[in-house]
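Reading through the structure tokens given below for one structure.
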Amino acid sequence: MTSSLLFNITTAAYFIAMVVFIVYLASKSEQVGFGATIISWIGFIANTGAIGLRWREAYAMGYQQAPLSNLYESVVFFAWSILLIYLVFDLKYKYRAIGAFVMPFAFGGMIWAQWTLDATIAPLVPALQSNWLTYHVITCFIGYAAFAVACGVSIMYLIKVGKEEAASGNPVGGILGMFPSVKVLDDLNYKAIMVGFPMLTLGIITGAAWANYAWGTYWSWDPKETWSLIVWFIYAAFLHARFTRGWVGRRAAWLSIFGFAATIFCYLGVNLVLSGLHSYGGG
Amino acid sequence: MSKDHNLIDSIWDFFCSLKLAIITLILLAGTSIIGTVIEQGMTPEEMAAKTGWSLDTLKFLDKSINAFDMYHSWWFLSLMGLFAVNLICCSIKRFPHVWKTVREPRLVVDDGFFRSLSNVEEVVAAKGTLDGVRDQVVNLLKNRFAAPVITEQDGKIHLYAEKGALSRFGVYITHSSILIIFIGAMIGNLWGYKAYVNIVEGSAIDQVWPRGGKEPIKLDFSVRCDNFDVEFYGDSQRPKEFSSDLVVLQNGQEVLKKKIEVNDPLSFNGITFYQSSYGPAGDATFRFRVRERATGKTIDVAARQGEHVPLPGGASFAVTNSTQSYDRFGPAVQMHVNTADGQHGNPFIVLQNFPEFDAQRGGDYIFSLTGMEQSYYTGLQVAKDPGVWVVWLGCFLMVAGSCGAFFLSHRRLWVTIQPLGKGVGVKLGGSAHRNQPAFALYFDTLRKDLNDALADK
Ligand code: HEM
């Protein structure tokens, strides 16, 4: 068993889960929905195992590093984090239909990593050999993943709310009938951001602590740092607009989608579009 | 007079308003993007050459908004200042109310208040005395929630119990943490510095060069580098780790010794030295064992790069180049031999790992490389930041405060017990300042327990 075989299984499982979730929405069969959840779990377990094996493979090559060292590894970890947050939300709130809108993010990440990114295990340069790297990446990615779930839920909200208004208050049927109510979707959007925001805060802080430990400067306004702060500002604005000015529903959903777009730019755009001090450059 | 008052009031309201907070947050987010597109610290000319963008535009951006150092520009700092002032005013305005809610809770409430709560329950105990029911309810609250405060007034008994009151302060802790981080950053800017220094192996320094400044900063101790080491991944040139053995000297005495690596600095007297770079210091010294082919006699000689070293019999040699890894063959030098009358011979390669290799060349002298000594300098970043602990304190408070604000809530229960006909009437009401759905579920079980407890009689 190698990590790359397990990564292939992961990708396949996420794809199948995504399709089965859509079939579930169309067929309204609870068994199909249960199947989709089981397949998601299988994918998640394979993803976990693959990351663990890759860690061992790096150790066997003499590199004492966590598998979070390049773009490929970070993307598969991102997919893992999305599943983690999604499955926790599924266990806690039990709204299965959300899977259809969250799995595409995880599958998209996996297929992109598998098809185009360089999967060789390369040693880290000395600047990145630190436990802080691990803490930093984990907290940031759990935050990003929570924002991905919030974004998926917000898309569902926007799809459903328009139809519901057109039906002037009558419950909408069809596929949309399988969605949680708009009130629940709005609340889940907020709950996911409430998980993501403190995680992103921790991510920024561990990043600063690490930079201070490695270079003696906790903040140097490099593009990656600045973009993480931009994302943080956006979600802080989201929370304040919600708490105190009553921005819920449509506006909150749009702000959440906008925030996730900024998150993705922070994660990928900065490296692929802007240049910086960070290591995942160039793909 | 009243006009003045209105003006001051509206300025105050402006600085307290949340609209301003949201606008400032969005402005900070939006304008921060500029500095991620325009490379900070470059000149307009360098940027234009690198990207092909219009030099005139870049020059204009530099002049008008200080785009090449925007995070220290007056307008960006003002925006941050506005953010801080907004935060302070807003907190000053709201805090007293929260303080009062927590310190002086309403112990006695009336029917109108109960009607304003979304979680209420009324139970009538057909039998029993006022005091008996009171004890039952007090016990129930003690066991299932928190011990209540009991107030008897006008023949009624009022109970008040609360949990998580401190979570009301989470928001204020979070907000003050932002100000604390700002203060820490200012302390660092005013009383700290960032500098660098290079130390050649075996030597010591007692001053460092600030970034961007000209005058060196004198330290009240000196730092010596005893040894520098660099390790590579396999035979590659990719450094795996590099480290320096540093010694801190004060009045000629060794006071601290540490081997520093990237990600493992040395700190002394609030000044920290970070391993950041390295490089060769001066020319390398090469040691050779030379065998004269004709006589078989061997001698040991040392040569610096470029230096002509005499050999027995009048010839001489010089090393012109060296590398740590010549393909897969390891360390190697390039050298040549000059004949006694000064004629320049052809260059050839000598490999350290293959001492007999040079015999195949067929020259008069057979060279084996026995050692290569390159002394290095170690490049250190030097930082003094007396504000950094204030920043970490702020970060800690921010995480603690926002967890408190997000995940805990202030839950309160009020009970009024009064005679009602022949029995005793009990009114129970509750509220939570956050996460109402969870509280509603909790209240539901509490309501059942209350009914059960009073029905037993
Ligand atoms: C990026 C910086 C900021 C962060 C991280 C932040 C964080 C928070 C957090 C965690 C809450 C708690 C929300 C809750 O009540 O559950 C909150 C609420 C609040 N914030 Fe901020 N805040 C920031 C900036 C500001 C600013 C500049 C103002 C200026 C007026 C402000 C005013 C408020 C107010 C009025 C509340 C509601 C308090 C309440 O619920 O009683 N915040 N903020």
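None of the figures in this text is laboratory data; all of them are computed from the coordinates on show. Given the structure is predicted, the values throughout are model-derived calculations rather than measurements. Please note: Cβ atoms are built from the backbone with ideal geometry, for glycine as well, and neighbour counts cover all protein chains shown.
For peptide A:222-235, how many partner chain Cβ atoms fall within 10 Å of a residue's Cβ, on average?
Numbers: counts 4, 7, 1, 2, 8, 4, 0, 3, 7, 1, 3, 9, 4, 2.
Average per residue, whole number: 4.
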Margin query: Using Cβ counts within 10 Å as a stand-in for footprinting exposure, how do A:115, A:227 rank, fewest first?
Written below: A:115, A:227
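Averaged across the residues of B:25-33, what count of C-beta atoms belonging to other chains lies within 10 Å of each residue's C-beta? Before the final figure, lay out each step's value.
Values: counts 10, 5, 1, 6, 13, 3, 1, 8, 7.
What the average comes to for B:25-33 is 6.
Only Cα pairs under 8 Å and at least 6 apart count here; give the relative contact order of chain A as a rounded whole percent.
Values: 361 pairs, mean separation 52.8, N = 283.
Relative CO of chain A lands at 19 percent.
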Margin query: Taking just the alpha-carbon atoms of the stretch B:65-134, what radius of gyration and Dmax come out, in angstrom?
Written below: 25.9, 81
Notebook entry, point to check: Quick one: Karplus J couplings for the stretch B:304-311, per residue in order, coefficients 6.51, -1.76, 1.60, θ = phi - 60°, nearest Hz, x for Gly and Pro?
Noted result: 8, 4, x, 8, 8, 10, x, 10
Checklist line | Pairwise label distance in nanometres, residue B:359 with residue B:268, each label 7 Å out on the Cα-Cβ vector | finding: 5.1
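Could you compute how fast the stretch B:100-156 diffuses translationally, taking Rh as the Kirkwood radius over C-alpha pairs and applying Stokes-Einstein at 37 °C with viscosity 0.692 mPa s? Give it in µm² per second.
Working: Rh = 13.4 Å.
Reported coefficient: 245 µm²/s.
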Margin query: Viscosity 0.890 mPa s, temperature 25 °C: give me the Stokes-Einstein translational D for the stretch B:285-374 in µm²/s, with Rh taken as the Kirkwood radius over C-alpha pairs.
Written below: 189
Margin query: Once the cut-off is 14 Å, how many percent of the Cα-Cα pairs in the stretch B:256-322 end up in the long-distance tail?
Written below: 70
Notebook entry, point to check: With no solvent and one point per C-alpha, what does the Debye sum give as log10 I(q)/I(0) for chain B at q = 0.11 Å⁻¹?
Noted result: -1.06
Margin query: I'd like the distance separating the alpha-carbon centroids of the stretch B:292-324 and the stretch B:342-403, in whole Å.
Written below: 26
Checklist line | Quotient of C-alpha Rg and 2.2 N^0.38 Å, computed over the stretch B:1-132 | finding: 1.97
Checklist line | Within straight-line cross-link reach of residue B:59, lysines at Cα separation under 23 Å, skipping those fewer than 8 residues along the same chain | finding: B:50
Note to self: 7 Å from Cα along Cα→Cβ at both residue A:131 and residue A:261: what's the point-to-point distance in nm?
What the structure shows: 4.1
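In the protein assembly as shown, what is the volume of the convex hull around the alpha carbon atoms, normalised per residue and reported in Å³?
Values: hull volume 206.6 nm³, N = 740.
Expressed per residue, the convex hull around the Cα atoms of the protein assembly as shown is 279 Å³.
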Margin query: Among the complete DSSP H segments of chain A, which ones combine at least 15 Å of alpha-carbon extent along their axis with a mean Kyte-Doolittle hydropathy of 1.0 or more?
Written below: A:3-27, A:71-93
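Helix by helix through chain B, keep the DSSP H runs that span 27 Å or more along the axis on Cα and average at least -1.0 on Kyte-Doolittle, and give those back in order. Mind showing how you got there, number by number?
Working: long enough: B:18-37 (30 Å, 2.08); B:74-103 (42 Å, 0.78); B:170-191 (31 Å, 1.50); B:388-407 (28 Å, 1.97); B:436-455 (28 Å, -0.08).
The qualifying helices are B:18-37, B:74-103, B:170-191, B:388-407, B:436-455.
Could you work out the mean projected area of the convex hull around the alpha carbons of the stretch A:146-249, in square nanometres to one decimal? Write down the numbers at each step before the final one.
On the way: hull surface 31.6 nm².
Its Cα hull, projected and averaged over all orientations, spans 7.9 nm².
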Next item on the list: Enter the mean number of other protein chain beta carbons within 10 Å of the beta carbon of each residue in B:13-23, as an integer.
Entry: 2
Checklist line | Cross-link reach list, lysines versus residue B:384, counting only Cα pairs under 29 Å and skipping chain neighbours closer than eight places | finding: A:224, B:194, B:214, B:218, B:240, B:257, B:258, B:259
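Using alpha carbons only, what's the Rg to Rh ratio of the stretch B:313-457 with Rh from Kirkwood?
Details: Rg = 44.1 Å, Rh = 24.9 Å.
Expressed as Rg/Rh, it is 1.77.
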Check: So what are the three principal axis dimensions of the stretch B:176-246 from its Cα atoms, in whole Å, longest to shortest?
Finding: 52, 29, 20
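Answer rounded, prolate or oblate for chain A, using the Cα gyration tensor with square roots of eigenvalues a ≥ b ≥ c: rounded when a/c is under 1.5, else prolate when a/b is larger than b/c, else oblate. Walk me through the intermediate numbers first.
Working: a/c = 2.52, a/b = 1.35, b/c = 1.87.
Oblate shape, in that a/c is at least 1.5 and b/c is the bigger or equal ratio.
Of the listed pairs A:191/B:19; A:92/B:142; A:28/B:448; A:160/B:163, which have alpha-carbon separations greater than 27 Å here? Each step should come with its number before you reach the end.
Numbers: A:191/B:19 23 Å; A:92/B:142 29 Å; A:28/B:448 36 Å; A:160/B:163 38 Å.
Beyond 27 Å between Cα atoms: A:92/B:142; A:28/B:448; A:160/B:163.
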Margin query: Based on alpha-carbon centroids, what's the gap between the stretch B:111-146 and the stretch A:91-120 in Å, whole number please?
Written below: 51
Note to self: Once you place label points 7 Å from the Cα toward the Cβ at residue B:304 and residue A:181, how far apart are they in nm?
What the structure shows: 8.7
